[in-house]
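J.: My questions all concern the structure below.
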Amino acid sequence: VFKAYSLYLFFVKCTYSALEIILFVMLSMGYRAKRRKMADKVLPQRIRDLVPESQAYMDLLAFERKLDQTIARKRMEIQEAIKKPIMQKRKLRIYISNTYTPSKPEGEEAEKVSSWELRVEGKLLEEPGKQKRKFSSFFKSLVIELDKELYGPDNHLVEWHRMPTTQETDGFQVKRPGDLNVKCTLLLMLDHQPPQYKLDPRLARLLGVHTQTRASIMQALWLYIKNNKLQDCHEKEFINCNRYFRQIFGCPRMRFSEIPMKLASLLQHPDPIIINHMISVDPTDQKKTACYDIDVEVDDPLKGQMNSFLSSTTNQQEIAALEIKLMTDVTGNPEEERRTEFYQAPWVPEAVGRYVYSRLQQRRQELEQVLGIRLT
């Protein structure tokens, strides 16, 4: 589309150059074009017959018209495309590491109680030269569940939930006292945009969809209804449930308008990502960092290019200026035409002759007075 747009600008310039040559021939022949509408850029048949080169201009004009239609269609397709979420899957690498600080004897400046610190960080792979996205922006919530026997029922959970005022961060840290290895479980809930839902297992098997957006689920449901011919032949607003639908929705027949309400009870929050990790406090243990790769969805960079293409008016302004100049040159200058019509009126030659004769007589009288003689 972007190449076509540049090609369009090139052909507009070529069209204007061809028109300048034709107008030079028209002016040399004394041709006076009739007034036309501003949108009319077609040369009259008389000029096309007199100037063979004008066919090149007409060919460019026809190509420009086709290119205009193609670009207009592509712009509409882009406008429709950006209304839908354009996502691409990327790999998010999660780093889970911990450090251990042993206790020191009394009198030394250090921690009096042994402690460990757990860090959860991450970054997108294959993202060189771009502005890095904060790690927390990928998640709706994060829960770290520690060993309940070591930290009790009131202190074994560390929770973070996204709020409207949440400040994004590059990672999470948890620090606790202890000198024993600790088993922990991380529960990561991805922040899907738009939101995604997990289907009831029965409906998921039927539609072949496990977790998707509400719009995608509705589309899959409609395709199943259409392919299995469940829509009533006489009352199109009704669906005749087959035995699977009767088991899932609990009714033999339902309206299309009832589907969203019945579907809401069959949608659940997606399953969280579960990572089991061992917090090691052994100084000789070198494996204190673990890496995990998960799939996340991010905005496609093409969407930004589409928006900038639709909002850009630089080329459009230049094209509009050339279009106006083309139409002005074809239709002619109204003021110049008015003057031409005035001087080409039938009474003008006689009036000009009388004016020239009167001026000559006036000069003759002045010359006779100066010389004191009478000229014959």
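J.: Looking at (1) in a strand (DSSP E or B); (2) more than 34 Å from the chain's Cα centre (by Cα), can you tell me which one P153 breaks?
T.: Tallying (1) in a strand (DSSP E or B); (2) more than 34 Å from the chain's Cα centre (by Cα), P153 fails exactly one: (1).
J.: Yes or no: Q193 under 30 Å from N98 (Cβ atoms), among the polar types (S, T, N, Q), under 34 Å from the mean Cα position of the chain (by Cα) and surrounded by fewer than 17 Cβ atoms within 10 Å (Cβ to Cβ)?
T.: Answer is no for this residue.
Condition check ((1) under 36 Å from the mean Cα position of the chain (by Cα); (2) assigned by TED's automatic domain parsing to the domain that holds A264; (3) surrounded by 16 or more Cβ atoms within 10 Å (Cβ to Cβ); (4) in a loop (DSSP other than H, G, I, E, B)) across all residues:
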| residue | (1), (2), (3), (4) |
| --- | --- |
| R205 | yes, yes, no, no |
| Q212 | yes, yes, yes, no |
| L221 | yes, yes, yes, no |
| K229 | no, yes, no, yes |
| E235 | no, yes, no, yes |
| I239 | no, yes, yes, no |
| F245 | no, yes, yes, no |
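J.: Which of the numbered conditions does K74 fail, given that it passes all the others? Conditions: (1) of a type outside the set (A, V, I, L, M, F, W, C); (2) modelled with pLDDT under 80; (3) surrounded by 10 or more Cβ atoms within 10 Å (Cβ to Cβ); (4) closer than 30 Å to Q193 by Cα.
T.: Evaluating K74 over (1) of a type outside the set (A, V, I, L, M, F, W, C); (2) modelled with pLDDT under 80; (3) surrounded by 10 or more Cβ atoms within 10 Å (Cβ to Cβ); (4) closer than 30 Å to Q193 by Cα leaves (2) as the failure.
J.: Would you mind finding the one in V120, V143, V113 that is in a strand (DSSP E or B) and either modelled with pLDDT under 90 or surrounded by fewer than 17 Cβ atoms within 10 Å (Cβ to Cβ) (or both)?
T.: Sole residue among the options that is in a strand (DSSP E or B) and either modelled with pLDDT under 90 or surrounded by fewer than 17 Cβ atoms within 10 Å (Cβ to Cβ) (or both): V143.
J.: If you take just the helices (runs of 4 or more DSSP H) that sit entirely in segment 258-370, which of them hold at least 2 residues that are touching a residue at least 60 places away in the same chain (Cβ under 8 Å)?
T.: 301-311, 314-331, 334-343
J.: So V298 clears everything in (1) closer than 18 Å to S141 by Cα; (2) modelled with pLDDT of 90 or more; (3) among the hydrophobic types (A, V, I, L, M, F, W, C) except one condition, right? Which one?
T.: (2)
J.: For segment 158-179, which residues satisfy the criterion of being of a type outside the set (D, E, K, R), part of a loop (DSSP other than H, G, I, E, B) and either in contact with a Lys or Arg (Cβ under 7 Å, 6 or more places away or on another chain) or surrounded by 11 or more Cβ atoms within 10 Å (Cβ to Cβ) (or both)?
T.: T166, T169, G178
J.: Considering only residues that are assigned to a helix (DSSP H, G or I) and farther than 18 Å from T328 by Cβ, look in segment 38-58 and name the one that is modelled with the lowest pLDDT.
T.: Filtering first and then ranking leaves R46.
J.: If you don't mind, another one. Out of curiosity, is M254 modelled with pLDDT of 90 or more and in a strand (DSSP E or B)?
T.: So M254 passes the test.
J.: When you scan segment 294-330, how many residues do you find that are exposed (fewer than 11 other Cβ atoms within 10 Å of the Cβ) and touching a Leu at 6+ places or on another chain (Cβ under 9 Å)?
T.: 1
The values are calculated or read from the model by the stated rules, or taken from the named source; none is laboratory data. Small disclaimer: the values here were computed from a predicted structure and weren't measured. Every residue, glycine as well, gets a Cβ built from its backbone with ideal geometry; the counts of neighbours run over all protein chains shown.
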